[in-house]
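Worksheet: the structure to be examined is printed underneath.
The values are calculated or read from the model by the stated rules, or taken from the named source; none is laboratory data. What you see is a predicted model; the values in this text were computed from it and never measured. Here Cβ is always computed from backbone atoms with ideal geometry, including for glycine, and neighbour counts include all displayed protein chains.
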């Protein structure tokens with residue numbers, strides 16, 4: 001669940017998804033690519049990158065993630 005990431009509130013989550021286009025592209029992004037997104041820096045990018053890797057290690061399928069739409 002992307003909305004479970006402590007480094008992301010609703011606005012930053014929407015900004016990241018808008019920047020990358022979809023969750024698959026965000027999950028494939030490097031820490032540096034996340035940091036280059038408008039409004040994100042190295043520290044927050046590192047937190048998000050680590051969170052996304054944790055999801056990958058847990059076997060979460062990208063289509064099963066709750067993107068927080070409508071909440």
Notebook entry, point to check: On the given criteria, is residue 32 touching a helix residue (DSSP H, G or I) at 6+ places or on another chain (Cβ under 6 Å) and surrounded by fewer than 17 Cβ atoms within 10 Å (Cβ to Cβ)?
Noted result: no
Notebook entry, point to check: Going through segment 27-39 one residue at a time, which ones are in a helix (DSSP H, G or I) and at pLDDT 95 or above?
Noted result: 31, 32, 33, 34, 35
Item checked: Of the criteria (1) within 18 Å of residue 6 (Cα to Cα); (2) at pLDDT 95 or above; (3) in contact with a helix residue (DSSP H, G or I) (Cβ under 8 Å, 6 or more places away or on another chain), which one residue 66 fails -> (2)
Notebook entry, point to check: Looking at (1) touching a residue at least 12 places away in the same chain (Cβ under 8 Å); (2) within 15 Å of residue 55 (Cβ to Cβ), which is the only condition residue 30 fails?
Noted result: (2)
